[in-house]
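These notes are about the structure you will find just below.
The values are calculated or read from the model by the stated rules, or taken from the named source; none is laboratory data. Computed from a prediction, not measured in an experiment: that's the story for all the values here. Because the Cβ atoms are built from the backbone with ideal geometry, glycine has one as well, and the counts that use them run over all protein chains shown. Calculation scope for accessible area: heavy atoms of the full protein, side chains included, ligands and nucleic acids excluded. Shrake-Rupley method; radii C 1.70, N 1.55, O 1.52, S 1.80 Å.
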Amino acid sequence: QVEFSYPPLIPGEGHDNSSLPEEWKYLPFLALPDGAHNYQEDTIYFHLPPRNGDQKTVYGVSCYRQIDAKALKVRQADVTRETVQKSVCVLSRLPLYGLLQAKLQLITHVYFEEKDFSQISILKELYDHMNGSLRGTSLDGSQVYLGLSPRDLILQFQHKVLILFKLILLEKKVLFYVSPVNRLVRALMTILSLFPGMIEHGLADSSHYKPRKSTSEDLNLIEVLGSSEDYVSVSVSDISNSNQESGGEAKEISGVNQNETHQAKLKEEEMAQTLTGENHHLKPPSRTSPDSSESDWETLDPSALEEGAPKEENQEKDSFELPETIPSESAPSGTLPITVQPQPNTGQTVLVQGLVSGLEEDQFGLPLAVFTKGYLCLPYMALQQHHLLSDVTVRGFVAGATNILFRQQRHLSDAIVDVEEGRIHIQDPELRKMLNLTTADLRFADYLVKHVTENRDDVFLDGTGWEGGDEWIRAQFGLYLHSLLSTNLQQDHEKMLADYGAAFVNTWKITHNYRVWYSNKHPALSEVTPGHPFQGQYSVADVKLRLSHSVQNSERGKKLGNAVITTSRSVVQTGKAVGK
């Protein structure tokens, strides 16, 4: 349950009121994850749907810790077990996961060191400090990508990172699985960071879902409009170790344990006004209620995506646009040669609101409108959200889970990504065939893997190096996507597109994100050379690469590889014996 919130989650209520807005009923289970008792500490990234009056995803970061009850200086009556488990959670309007986590971990540590959980003044100070320090923060890569390392991802998944990249482009149902939550959310968000502009501006519509209604709850309490000036929110969670309810108005949430989530919600009026003043691309929210947009993805008329679409239809699409109201001074360009040193961000890139996507787009039409109209991004899913996997209003998802029940129900996902083993399990043979890497793709993936693994002991591997570094990897994927888009605009492009995989490209062309992108003109792409970055004649090196890829990926290939190793050892040992 929510034990404390600052400012109150529901205006007019007390800070210690445990009531939650209906849209955020899963908050306690997200902030304090399933199986948390197995770890001393953990960090969770999660997304909440917008409140009634708001139009954008709310980004949550939660720091969890547990402490022995004996160590408490002030032991409250509701502490009846040997350990106390709490989470401090921040809700933010900006997707600054790593930055918020760094600040939050410090405060959570101090809060626990007090050994007196009634000392809530530190949470109010956290609220004031965060809003003060985040004033004027622009969504550039150095802030947004803190803690997300594509290098680690490539070391874990090797060439399969490219398969994940293409899987998300196809808007499939992708489930990531690993424990603890920290590893899970970092892997998932790192994949998304490979898409230019996706984390900065592409997730604003990524969590529009409706919680399952329960008849046992009083829904009249929930009709509250969210303040448009809410900017960042802090939240604290605690598992109560008692069987009693803490406080007269506390309400037990249906779940496994009685979770108590202190939700300290940050409000930032000055900042919201500053943002409004600086952003010349702002547009007032036009969607009246989530109810009207529940199945918007189904109502998108393909004719509205054609070049000659009537103006009235475009205006009709505005009725379910999702304006992005956070200014961004700059975005990665992608037109620079890939081998040069990264150029300083000069703020020259202009972001314009997409007519159909409603997202802030750069001159190439990026980020692609993947996470819109019912395609969800949920870095962590609580067991209470399981119904979303089969919800008819959800056309797909990229989600993370730690509970084994998610993994066992394979029929609900197109692909299950086992982060621990670095493997992707795809049931559908057609989809597997579609995602088979072409020769050019294999060259590209091999190029990345070699640069990352060969430079592992380099002095620059603190993340500041260029070739083989995090920014370099993102630049490579940026080039890959820009080239794919540019190739699609060429006449007689079938041969060039074959380097990306004909089946993959044909399927991608019927996805929502492609149709939205293709509906607008992007003259800047004329500067990008069409064709796969690694196109070229087939060679002996490619045969070796293909063989090595096949051996690594099929069960039969792995057995063959092991047999070869065993045989070679036997031959060596026999040779030594004969020599003696």
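Structure above, values below:
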item: At R0 = 30 Å, FRET efficiency that the Cβ-Cβ distance of LYS73 and HIS129 yields, to 0.05; result: 0.80
item: Calculated FRET value between ARG395 and THR83, using beta carbons and R₀ = 25 Å, to 0.05; result: 0.05
item: Förster radius 30 Å - calculated FRET efficiency between GLU421 and GLN490, Cβ distance, rounded to 0.05; result: 0.15
item: Exposure of ARG407 as accessible area (Å², to 10), given a probe of 1.4 Å and all protein chains; result: 50
item: Built amide H within the under 5 Å cut-off of ASP140, gap 5+; result: none
item: Other-chain or far-sequence residues with amide H under 5 Å of THR83's (modelled H); result: ALA69
item: In Å², nearest 10: area of GLU467 left accessible to a 1.4 Å probe; result: 90
item: Flagged links, alpha-carbon separation over 24 Å, of LYS172/LYS213; LYS56/LYS210; LYS173/LYS373; result: LYS172/LYS213
item: Label-point separation in nm, GLU13 to THR453, each point 7 Å along Cα→Cβ; result: 5.3
item: Inter-label distance, nm, simple model (7 Å from Cα along the C-beta direction), ARG212/LYS115; result: 4.3
item: With DNA, RNA and ligands ignored, accessible area of ARG212 (1.4 Å probe; Å², nearest 10); result: 150
item: Contour excess over end-to-end distance, with Cα ends at ALA502 and THR529 and 0.36 nm allotted per residue; result: 7.8 nm
item: Solvent exposure ordering (accessible area, 1.4 Å, most first) of LYS115, LYS495, LYS166; result: LYS495, LYS115, LYS166
